[in-house]
Amino acid sequence: MPMSQAFEQRLSAVIDKTIQQFGTPFHIYDEAGIKETGEQVKQAFARMEGFREYFAVKALPNPTVMTLMKDMGFGFDCSSSPELMLARQINSRGDDLMFTSNNTSPEQFLTAAENGGCILNLDDISLIDKVPEMPELICFRYNPGPRRKGNKIIGNPVEAKYGVTHEQIESAYQKAMDRGATRFGMHTMLASNELNFEYIVETTRMLLGVVEEISLKLNIEFEFINIGGGLGIPYRPEQNKIDVKAMGEEIFELMELFKKKNGWIPRLFMESGRYMTGPHGALVTKVINHKDIYRKYVGVDASMAALMRPGMYDAYHHIHIHGKDETMDTEVVDVVGPLCENNDKFAVQRALPVTREGDILIIHDTGAHGHAMGFNYNGQLRPQELLLRTDGTVALIRRKETVEDYFATLKFDALSV
Ligand SMILES: *Cc1c(COP(=O)(O)O)cnc(C)c1O
């Protein structure tokens, strides 16, 4: 199921007033839903001492939402300097931050080491000599290559630019030790939007296998394994939610087995983005035009600048029309924005209730990789972000972009204004 009934009801209660106050379009996030999912994840892994979720900042890089994550005890997975700085702005420090960059620049290493540093997750063996000062605790991203099949979004591991190969992994840790590292973690990230949790369990099994092998060879112990993100959400009505509780149980069994065999156990880290916030966001947009040519088009006041996933991955986002249900007269339409790109569509050949100008479309599951992926191509301005608080109030947590923002980086003498 897409958007939960509870969120739909909470949103429905405030939508008219919110549109009046803020105008459309906007992404709106549901604090109650985000907290509920966060608590469920904590519960699912509660039997594993030291479990920690590092929220993948790239999914929803808004400090107000990140503060909700921090309050639940989560850390942050960052992959760029600005993401690290954002997490530090809400007072996350050191072990609260996992820095998973790739093709890392010297400037990024400097930001990583500032302000009490972070957990450095190195993407390549060649980067070991480029770390200005080797921290005590070091992690490598493992790429199993032909040992595992990736999924559709993330692709085949052999073709993926990420990580250290199976053949390199031992010397990577050895080299890091030679440079002074004394504490270790191991990371991998193989799936994206995966609804079959067995895939994530298999990833854990694989990582524990490599950790065991390297710990025996180098006579070291690992403080943590990080199984990455990639937990999927049901974008389509016929899909089901991941059973995180069952996933937690199966992973717990694997960890216990490892402990029996080796006499020690690493902590379990996860860095979910989509699962934590995806279902708890919606894009609210207004119908401004209808067009009837070879196909019927419903034109809305948002564009793919607000939500790239349909245009980029052909992704399905469920849509409902505020105040109309699916038993009403429907027609098959493409829902489109104003960009001069034919993939600027939120839905293609979708049966939706017949709309009029001024009707409000609610596009589901935009809480992750939604606003964050937006761009300014074709003079598009990104929309505002709102937070629906648990007390029913709505707060502006990012204003909409203006033409001044669009011009802000340009250097030229305007001939007239
Ligand atoms: C994108 C990303 C994540 C989060 O992925 P989701 O599919 O949103 O859970 C986690 N870790 C890394 C390294 C990533 O690149």
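Cβ neighbours within 10 Å, averaged per peptide: list 227-236, 198-207 in order, most packed at the top. Display every interim value, and only then the final one.
On the way: 227-236: 22.7, 198-207: 18.8.
In decreasing order of mean packing, 227-236, 198-207 become 227-236, 198-207.
Where does the charge balance sit around Met328 when Lys and Arg score +1, Asp and Glu -1, over other residues with C-beta under 14 Å from its C-beta? Intermediate results must be reported in sequence, preceding the final value.
Values: positive: Lys324, Arg356; negative: Asp325, Glu326, Asp329, Glu331, Asp359.
Here the charged neighbours net out to -3.
More than 24 angstrom separation, counting every C-alpha pair in the range 1-104; what % is that? Numbers along the way, then the final one.
On the way: 1970 of 5356 pairs.
The share of Cα pairs beyond 24 Å in the range 1-104 comes to 37 percent.
Which value results for Rg/Rh of the chain when Rg is the Cα radius of gyration and Rh the Kirkwood radius based on the inverse mean 1/r? Each step should come with its number before you reach the end.
Values: Rg = 22.8 Å, Rh = 22.8 Å.
Computed over Cα atoms, the ratio is 1.00.
Relative to the present Cα-Cα distance, how much length would full extension add between Val158 and Lys42 at 0.36 nm per residue of separation? Could you put the intermediate results ahead of the total?
Values: separation 116, 0.36 × 116 = 41.76 nm, distance 3.28 nm.
Once the chain is fully extended between Val158 and Lys42, it gains 38.5 nm.
If you take the beta carbon distance between Glu114 and Thr409 as r and set R0 to 22 Å, what does 1/(1 + (r/R0)^6) give as a FRET efficiency, to the nearest 0.05? Could the numbers behind the result be given before it?
On the way: r = 25 Å, r/R0 = 1.13.
It comes to 0.35.
Around Cys118, under 11 Å between beta carbons, what's the net of Lys plus Arg minus Asp minus Glu among the other residues?
Working: positive: Arg88, Arg93; negative: Asp77, Glu83, Asp95, Asp96, Glu114.
Charge balance in the 11 Å sphere: -3.
Can you run phi through the Karplus equation (6.51, -1.76, 1.60; θ = phi - 60°) for the range 283-291 and list ³J(HN,Hα) in whole Hz, with x for Gly and Pro?
9, 9, 9, 9, 6, 10, 8, 10, 9
Assuming 0.36 nm per residue, please report the length gained on full extension of the stretch Ile90 to Val354 beyond their Cα-Cα distance.
On the way: separation 264, 0.36 × 264 = 95.04 nm, distance 4.48 nm.
Once the chain is fully extended between Ile90 and Val354, it gains 90.6 nm.
Where does the chain land at 222 nm, in deg cm²/dmol rounded to the nearest 500, when only DSSP H runs of n ≥ 4 count, each adding -39500 (n - 2.57), divided by all residues?
On the way: 11 runs with 123 residues, N = 417.
Computed mean residue ellipticity for the chain: -9000 deg cm²/dmol.
Tell me which residues come under 5 Å, amide H to amide H, from Phe51 once H is placed; ignore anything under 5 positions away on its chain.
Leu268
If you average 1/r over every pair of different alpha-carbon atoms in the range 31-277 and take one over that average, what Kirkwood value in Å do you get?
Values: mean 1/r = 0.0551 Å⁻¹.
The answer is 18.2 Å.
Any idea how far apart Ala246 and Glu133 come out in nm if each label point goes 7 Å out from Cα toward Cβ?
Result for the modelled spin labels: 4.9 nm.
Taking +1 at the Cβ of each Lys and Arg and -1 at the Cβ of each Asp and Glu, which of Ser101, Leu122, Ser272 sits farthest along the dipole of the range 31-277 towards its positive end, judged by Cα position relative to the Cα centre?
Ser272
How about the range 138-190: which GluC sites (Glu not before Pro) there lie in a loop by DSSP and see at most 10 other Cβ atoms within 10 Å? If you can, show how the numbers build up before the last one.
Working: sites: Glu159, Glu167, Glu170; in loops: Glu167.
Filter output for the range 138-190: Glu167.
With helices defined as uninterrupted DSSP H runs, which ones in the chain have an alpha carbon span along their own long axis of at least 18 Å and mean Kyte-Doolittle hydropathy of at least -0.5? Walk me through the numbers on the way to the answer.
On the way: long enough: 5-22 (24 Å, -0.26); 31-44 (20 Å, -1.04); 197-218 (32 Å, 0.69); 244-262 (26 Å, -0.32).
Helix filter hits for the chain: 5-22, 197-218, 244-262.
Tell me which residues come under 5 Å, amide H to amide H, from Val164 once H is placed; ignore anything under 5 positions away on its chain.
When sequence neighbours closer than 5 places are left aside, the close amide H contacts are Arg141, Tyr142, Asn143.
Roughly speaking, what is the stretch gain from Thr390 to Glu213, that is 0.36 nm per residue apart minus the C-alpha to C-alpha distance, in nm to one decimal?
Values: separation 177, 0.36 × 177 = 63.72 nm, distance 4.72 nm.
Full-extension gain reported as 59.0 nm.
If we sort 84-97, 273-286, 295-308, 18-31 on the protection proxy, mean other Cβ atoms within 10 Å, highest first, what's the order? Display every interim value, and only then the final one.
Working: 84-97: 17.9, 273-286: 26.5, 295-308: 22.1, 18-31: 19.9.
In descending order of packing, they fall as 273-286, 295-308, 18-31, 84-97.
Past 18 Å, Cα to Cα: identify those pairs from Lys35/Lys400; Lys42/Lys259; Lys161/Lys241; Lys42/Lys245; Lys130/Lys217; Lys296/Lys345, in the order given.
Working: Lys35/Lys400 25 Å; Lys42/Lys259 21 Å; Lys161/Lys241 30 Å; Lys42/Lys245 10 Å; Lys130/Lys217 25 Å; Lys296/Lys345 12 Å.
From Lys35/Lys400; Lys42/Lys259; Lys161/Lys241; Lys42/Lys245; Lys130/Lys217; Lys296/Lys345, over 18 Å: Lys35/Lys400; Lys42/Lys259; Lys161/Lys241; Lys130/Lys217.
Coordinate-derived values only; no laboratory data. In this text, all values refer to a predicted model and were calculated from it rather than measured experimentally. As a convention, Cβ positions derive from the backbone with ideal geometry for all residues, glycine included, and neighbour counts pool all protein chains shown.
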